[in-house]
Structures are given as structure tokens and as C-alpha cells.
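Novice: Here it is: the structure, laid out below.
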Amino acid sequence: MVKEIDRSGSLDLLVRHGTLVIPGVGQVKADVGIAGGKIVALGDDLSSAGVEVYDATGKMVLPGIFDPHTHIGNDQSYESEAETETRAAVIGGVTTIGIFLRSLEDSYFDHLPTFRRAMDERSYVDSVFHPQIFTKQQIAEIPGYAEQFGIRSFKFYMSGMPGIVKSVTDDVLLHGFRTVGALGPDAVACVHCETGALIDRARNELRNRKPEGTLADWEDAHPADAEALAVQTALYLAKLAGAHLYVVHLSSRQGLEVVRAARRAGAHFTVETTTPYLGINSHDPNGFLVKMVPPVRTPEHQIALWEGFAEGSINTVGTDNTSRSRKTKNPEAGLHGSKPGLPALGTHLPALLHYGRLRGVPLERLVDCATRAPARVYGIYPKKGTIAVRSDADLVVVDMALEKVVRAEDLHGMSDFSPFEGKTLRGWPTATIKGGEIIARDGKIVGPPNGRYLPRQPGPAQTLEWFRRANA
Ligand SMILES: [Zn+2]
């Protein structure tokens, strides 16, 4: 039995009689003692005299979920969504998020103080930033963003989205990778892998061939081969530049095959997929409400993604949350007119648990990909991503048997729809503890927002040895 006590006698909160799921360790029945926002004791029957107790009998206690892939402020203002979308997150068991910041032209120095203030003052969850890099000036400023704001991860779009973001050329990509690589072995180059020219052609062809169509047709605008080719290009350029490549939102079987081949050849990189891809396919009855980029695909691709997830070819899972209202999503505008992007923070953990169980993936594997693995890649482990003495007291207590029908109004974000609308998911949080306080309970907020922006320090490489072992 685990018995580890750092200090005793002054607990603020005791989570009692739950089964802990500790990545790399397994399932352990133990109490968790919390003081000053940290975990300070793990053990049997910790003394509860005079301490607030949360009784987790019959429940699973997981590390707070870290969703490394979110977008904030694409529909409402950044400040407003920093509050509403993190509220949905914490109710759903997510306690830390990675945010892809967007500034198409300006220097991020003009915007970072505002983004940071919103996360310090309004957010229910902790956060790290990944600025999206589009210009030569932004590349030149990467060392400054690292030094002044503790940023260690940056994103590049190989394929843009008309009217939303632009594609970057291979030349910008290579130059950007070199600059990120030069920050140190822990720095991360995140890439949206789709080959822009192939997507432009496919989108135009689809527009001519099918001015109107269904959700299933949307896959033709974003062929899986364009993803596979882009992963191959990004891998080659990252190797050339000595940068740690992080493939965001892998969506296809063809993409996975390139990943597998590269791993066999000894490449070290990180691959993410998302809970919308794992839970929703292109025959979904919610139609254009689940339109996204890359698209949700046929069940064949979904099966491949789950295989990649279970075998360790895919390392992390996020959401690609881009909250919208039904009005701005505008599903009535059809195949070409409705907007991509969907809210997914509030359903992230229940969808992972529900569909993961249906696919027979061990709970430990699901939890690792949603906590420890992304925390390591982004340099915030073991502060985040585990249950250990001296780690932040971010925990989610889950009733694995609790079933709920997803309804947007129960998720408490800004969106009036959910991509999982109407589906019954099994396995929901009954409490989320963030920074040592119970912030959400039984689907409701019960505490104040106590989220903080997390500046990061240069550190050792977080992929090579560890992933080799994790994937062995
Ligand atoms: Zn995204």
C-alpha cells in the first residue's frame, strides 16, 4: 500500500476512499490529503479530524485532465470565452488547457499581456500558450516570447482555412522549426498537417461537383492523403531542423500509416488526436453541427485511430475546442457555407471514457494520454499530469457508471449546441478539484475561478527516452 506523507496535521481537504488512477503506476486505493493547493499525503485512512472531506467511495480519482489543444475567443471575445469555456472545462474534469493563440499579422508582444491577464483573472483552469506563427517577424520574435512569457511551444499551419488562417510555405516551416529547435530540446513545434495546395484543389473540385451535400461529403474537401503527405513533409523538415514535431489532431488511417512507418524508422515525435475524432464519424445525425477541419471521417478511419491510440502510435488526446453558437456555426448554410469548429471541452473526458471502454482500451492508457503524456511534452509534469505528493492538487472524481444524455445547456459553456448532442455517454465527473479546492460538483460550479497562466522554464527533452520506453 502506498503511504507517503510530506506533512501532516494541517490538511485543507481530504479525498477519501477512492480508487486513484496514477499514470505509470496503475490503480491504487488510497486517500489524498491536500493542503495549500498541493497534494501533501497519499495513504490509507488519513486522519480527517476537522478537515473537509470528499467521499469518493466507489469512484475513480484521476489527475485533472490536461487538454493540450484548445482555441479561445474565436466566437465571443477572448475575455468572455476565457471564463465561459473554462467553466465548461472544469465541470467536465479538465483542469489545464493549452491555448493556440492567433495573431495573423501583429507581433504577439502586442497581445500576450492581454491574453495572459484574462487567464489569470477569469479562468477556471490553468493554461499554457502555443502562439500560431505566420510571419517572419513572429519567427524572429520566438526567442523573445520564450524569454518574456515562458512559452515553449508554437504552431504552424501547413494548410490554412479560407477567411480564418493562411497556410505557411515549407520555407517558413523550416525556418520556424529551426528557431523553435534552437530554444532547446524541450521546445515543441506543433503542426496542422495537411498539404495546402492539395486541400485547395480538393475544396474547389468539391464545390463544383457538389454545391450542396451532406456531412459525409465534407471529407472529400480534406483528403486523408493530404494529411499523410503533410505528416511526411513535417517529419522531414523537423528532422532537418532538429525540432520536436507535435502533430496536432491526427484524423486518418493514411496519416497513421505514415506515423507508424516513421516510428519504425526511429523518428521521435508526438502525435495527438481528439475526442471528436474518436467519438464521432461522418454519418453522424448532427450533420453540419459536427463539421470540422480536418473532418470527422468514416468509421474505417475511426477504427484506425483507436488502434493507433491503444498501441501507442498516438500519444496524446485533446479536443481542438473552437466554441461557436449555432448562429455562427450556421449549419443551414450547408456543405460549403457552415463554419468549422465546435465546442468539446465539456464532453472531453466523458467521451474519452465512454468510447474508450466500448473499444476495450484500458483505463490507464486513456488517462495517461489525457494527463501525463501531454504534461510531459509541454514541460509541466509532474506539477500536472499525475497524482503524487508535491504535485498540484488538481483531481477529477469520476463515477464510471453514471450515464447522461448530452445537452448543451448542461455543459455551461457559451455554445448552444454540442457535437455529442443527444448521445448517452457513460462515465462523468462528480467533482473537480482545482488548486486544492472543489470547484465543480455534480455538473455545477461551486467555487470561484482560480486558474493561472503557467510560464514554462527551459528543460530537458520530453520525448526521446520516455516515449521510446512508453512505446516499447
Ligand atoms: Zn486546433
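The values are calculated or read from the model by the stated rules, or taken from the named source; none is laboratory data. Nothing here was measured: the structure is a model prediction, and the numbers come from that model. Reconstructed Cβ throughout: ideal geometry from the backbone, glycine too, with neighbour counts over all protein chains shown. The accessibility values were calculated without ligands, DNA or RNA, using every heavy atom of the protein model including side chains. Shrake-Rupley method; radii C 1.70, N 1.55, O 1.52, S 1.80 Å.
Novice: Taking 0.36 nm per intervening residue step and subtracting the Cα-Cα distance, what contour gain separates Asn450 from Asp45 on full extension?
Specialist: 142.9 nm
Novice: Quick one, can you get me the convex hull of the C-alpha atoms of segment 43-95 expressed as volume per residue in Å³?
Specialist: Residue-normalised Cα hull volume stands at 117 Å³.
Novice: Under the rule of at least 5 residues apart or a separate chain, name every residue whose amide H is placed under 5 Å from the amide H of Ser123.
Specialist: Under 5 Å from the amide H of Ser123 lie the amide H atoms of Gly451, each far enough along the sequence or on another chain.
Novice: How large is the accessible surface of Leu278 in square angstrom, using a 1.4 angstrom probe and rounding to the nearest 10?
Specialist: Answer for Leu278: close to 0 Å² accessible.
Novice: Give me the extension gain from Arg359 to Glu79: residue separation times 0.36 nm, minus the current Cα-Cα distance, reported in nm with one decimal.
Specialist: 97.0 nm
Novice: Determine ³J(HN,Hα), in whole Hz, for all residues of segment 267-284 in sequence, where each value follows from phi through the Karplus function 6.51 cos²θ - 1.76 cosθ + 1.60 and θ = phi - 60°; x replaces Gly and Pro.
Specialist: 6, 10, 7, 10, 10, 10, 10, 10, 5, x, 5, 6, x, 10, 10, 6, 9, 4
Novice: Rounded to whole Å and sorted largest first, list the principal axis extents of the Cα atoms in segment 284-343.
Specialist: Extents along the principal axes, in whole Å: 40, 21, 16.
Novice: Kindly point out which whole DSSP H helices in the chain project their C-alpha atoms 24 angstrom or further along the helix axis while averaging a Kyte-Doolittle hydropathy of -0.5 or above.
Specialist: Taking the DSSP H segments of the chain (at least 24 Å long, mean hydropathy at least -0.5), we get 224-241.
Novice: Compute the whole-percent fraction of alpha carbon pairs in segment 122-187 spaced more than 16 Å apart.
Specialist: Pairs farther apart than 16 Å: 49 percent.
Novice: Taking the alpha carbon gyration tensor of segment 248-324, what are the square roots of 5 times its eigenvalues, largest first, to the nearest whole Å?
Specialist: Semi-axes from the Cα gyration tensor: 24, 13, 9 Å.
Novice: Taking the alpha-carbon distance from Lys327 and a cut-off under 18 Å, which aspartates and glutamates remain once sequence neighbours fewer than 8 residues away in the same chain are dropped?
Specialist: Those aspartates and glutamates meeting the cut-off are Asp75, Glu81, Glu85, Glu409, Asp416, Glu421.
Novice: Per residue of the chain, what 222 nm ellipticity follows from adding -39500 (n - 2.57) for every DSSP H run with n ≥ 4, rounded to the nearest 500?
Specialist: Computed mean residue ellipticity for the chain: -10000 deg cm²/dmol.
Novice: Could you compute how fast the chain diffuses translationally, taking Rh as the Kirkwood radius over C-alpha pairs and applying Stokes-Einstein at 25 °C with viscosity 0.890 mPa s? Give it in µm² per second.
Specialist: Here the translational diffusion coefficient equals 111 µm²/s.
Novice: Would you mind working out the accessible area per residue for the chain, using a 1.4 Å probe, and quoting it in Å²?
Specialist: 36
Novice: Still on this structure: Considering Cα pairs under 8 angstrom that are at least six residues apart, work out the relative contact order of the chain and quote it in whole percent.
Specialist: So the answer I get is 22 percent.
Novice: Quote to one decimal, in nm, the extra length available between Gln457 and Glu212 on full extension: 0.36 nm per residue of separation minus the C-alpha distance between them.
Specialist: That works out to 83.2 nm of additional length.
Novice: Taking segment 283-383 as the region of interest, what is the percent of Cα-Cα pairs per 5 angstrom bin, listed from the shortest bin to the one with the maximum distance?
Specialist: P(r) for segment 283-383, in whole percents per bin: 2, 11, 18, 22, 18, 14, 9, 5, 1, 0.
Novice: Using only Cα atoms, figure out Rg for segment 19-148 and give it as a multiple of 2.2 N^0.38 Å.
Specialist: In units of the 2.2 N^0.38 Å rule of thumb, it is 1.37.
Novice: Check which residues have an amide H placed less than 5 Å from His244's amide H, if you skip close sequence neighbours.
Specialist: Ala189
Novice: In whole percent, how big is the carbon plus sulfur part of the accessible area of the chain, probe 1.4 Å, protein atoms only?
Specialist: 50
Novice: Whats the longest run of the chain with zero GluC sites (Glu not before Pro) that are DSSP loop and have at most 14 other Cβ atoms within 10 Å?
Specialist: So the longest stretch without any such site is 213-472.
Novice: A further question on this structure: Is any residue of segment 42-71 close enough, with backbone N under 18 Å, to a label point placed 7 angstrom from the Cα of Ala401 along the Cα-Cβ axis, and if so, which?
Specialist: 55-61
Novice: Over segment 294-367, calculate the relative contact order: mean separation of alpha carbon pairs under 8 Å at least 6 apart, over the residue count, as a percent.
Specialist: Answer for segment 294-367 is 24 percent.
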